[in-house]
Amino acid sequence: EKERQQEASEVPRVTYSMIGGLSSQLDTIRETIELPLKHPELFKSYGIPAPRGVLLYGPPGTGKTLIGRAIANEVGAHMTVINGPEIMSKFYGETEARLRQIFAEASQRRPAIIFIDELDALCPKREGAQNKVEKRVVASLLTLMDGIGSEGHTGQLLVLGATNRPHALDPALRRPGRFDKELEVGVPGAAERADILQKLLRPMPCRLSEQEVLELAEVAHGYVGADLAAVCKEAGLHALRRASGTGPRLTDTEVMDVITVTLADLQQAMS
Ligand code: ATP
């Protein structure tokens, strides 16, 4: 119970406007995921099966969890986040029971999203699976997903799986009716990095010109969203340290000037 409360309270409010560089993915999501969660009756009356599972794949730190949180927030859905390796080890031997419990709880809190991070750890290819536990876990997740919507609640429970190794997944998971929609969340290019930086810097006191942000994005080659978030945080801390060294006699305007994150702060954080 305590753990469940923790899961719910840890979910920060993420909106689509906080996500940078993923506009085409967000468009697809709005079309395919939001509609069934918001208006399941449409799918029901047209007899169209609503998606039960969507697979987000791409390298770590590119925003997969962020997307999940934004959808949940946008449609007012309950979201449970589970981590593949964690649930395998922490609940060793009782993973299937725990999965059943999570699905049952989510079903009671519809509309709901179950986000499974590092799905490949939970559901590796069965022929290569070393032990029986993994085979059983794959089988039980398949059964749980096949059961979604069977009590007439079509479209109100969605499983979002995230992985950076889509080919390591058991192929049965990617068949119709399971994770049958796949969305790549890849490494951002320079323009996407600039968009991510703009969004990360927005809540900070920072007056970088568009050109400066573009230049910064250009040199951040190979950085993903999580790396850029770390850079912005580091630059922010740097500015704050500067402010704490200035003594108490500054006016509010002067303080703002001192704590404003500069291009130099960001460049230093990146080097
Ligand atoms: P993992 O596979 O490691 O779980 P992930 O793809 O789920 O990674 P997130 O956890 O969503 O990545 O991203 C980590 C943090 O990096 C976010 O909380 C956010 O601060 C930042 N971030 C990542 N991608 C983006 C993005 N596209 N726009 C804005 N911020 C981002």
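Side notes on the structure shown:
- The residue among ILE114, ALA172, ALA104 whose Cα reaches farthest toward the positive pole of the charge dipole of region 68-214, with charges on the beta-carbon of Lys, Arg, Asp and Glu, is ALA104.
- Helix-only CD estimate at 222 nm, as mean residue ellipticity for the chain, using -39500 (n - 2.57) per DSSP H run (n ≥ 4): -15000 deg cm²/dmol
- Taking 20 Å as the straight-line reach from the Cα of LYS132, the aspartates and glutamates in range (excluding those fewer than 8 positions away in the same chain) are GLU86, GLU94, GLU96, GLU118, ASP120, ASP170.
- Among beta bridges identified by DSSP and lying wholly in the chain, the antiparallel ones come to about 5 percent.
- For the chain, size of Cβ-based charge dipole, Lys and Arg +1, Asp and Glu -1, in debye: 760
- Förster radius 25 Å - calculated FRET efficiency between GLU218 and VAL258, Cβ distance, rounded to 0.05: 0.35
- Between 0 and 90°, nearest 10: helix 210-219 axis offset from the chain longest Cα axis: 70
- Along each principal axis, Cα extent of the chain, largest first, Å: 65, 44, 37
- Near HIS78, the amide H atoms lying under 5 Å from its own belong to ALA112, ILE113; only residues 5 or more places off or on other chains count, and H is placed 1.01 Å from N.
- Amide H contacts of ASP180 (H built 1.01 Å from N, in plane; Pro and chain starts excluded): ARG52, GLY53 sit under 5 Å, all sequence-distant by 5 or more or on other chains.
- Axis of helix 225-244 versus longest Cα principal axis of the chain: the two differ by about 40°, to the nearest ten degrees.
- In this simple spin-label model, placing a label point 7 Å from the Cα along the Cα-to-Cβ direction at both GLU34 and MET204 gives a separation of 2.9 nm.
- The loop-placed chymotrypsin sites (Phe, Trp or Tyr not before Pro) in region 75-110, going by DSSP, that have at most 12 neighbouring Cβ atoms within 10 Å of their Cβ come out as TYR92.
Quick note: the coordinates plus some simple rules give every number you see, no bench work behind them. Note that the coordinates shown come from a computational prediction; the quantities given were computed from them, not determined experimentally. Glycine also receives a Cβ, built like all others from the backbone with ideal geometry; neighbour counts cover every protein chain displayed.
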